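Beneath this line is the structure, given in structure tokens, with notes to follow.
The values are calculated or read from the model by the stated rules, or taken from the named source; none is laboratory data. All values derive from a computational prediction rather than experimental measurement. Neighbour counts run over all protein chains shown; Cβ positions are idealised from the backbone, glycine included. The protein model used for the area step is the full one, side chains on, heavy atoms only, and it has no ligands, DNA or RNA in it. Shrake-Rupley method; radii C 1.70, N 1.55, O 1.52, S 1.80 Å.
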Amino acid sequence: MKLFVYLVLLSLLCASADMSPIRFAWDAMGGAWDMIRAYKDMREANYIGADKYFHARGNYDAAQRGPGGAWAAKVMSDARELWQSDVSGRGAEDTRADQEANEWGRSGGDPNRYRPPGLPSKY
């Protein structure tokens, strides 16, 4: 039953994106990987003030894959911010700023807008 519901939802998403379900799912998986890679890079860099850059970069990279990637980026970003605001207690202002960077990246904005001075070029 769960598989059927998943397939119906995936079909609806694909119909609205005007693409095949396989392509949408492939792009969504790639977009999820882009988001994970940005998170890993953020943890590795451990650079003060770089949080928003990695938010924007992960969303940008995922959205470049197409509607499936943008969808995955939005779902993952929203879930992270929900957790962050409810569980970690970082506050509404930080969540708002993170979501602004997420949307900037997903809409095709250059992530370097949020790049802090001195962040190694590796990132």
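Structure above, values below:
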read-out	value
Filter pass, Met42 being open to solvent by 60 Å² or more (accessible area, probe 1.4 Å) and of a type in the set (A, V, I, L, M)	no
Filtered residues of the stretch 43-55 (kept if over 15 Å from Asn112 (Cβ atoms) and touching a residue at least 12 places away in the same chain (Cβ under 8 Å))	Ile48
Residue that is farthest from the chain's Cα centre (by Cα) [pool: residues in the stretch 48-103 that are open to solvent by less than 60 Å² (accessible area, probe 1.4 Å) and among the charged types (D, E, K, R)]	Asp94
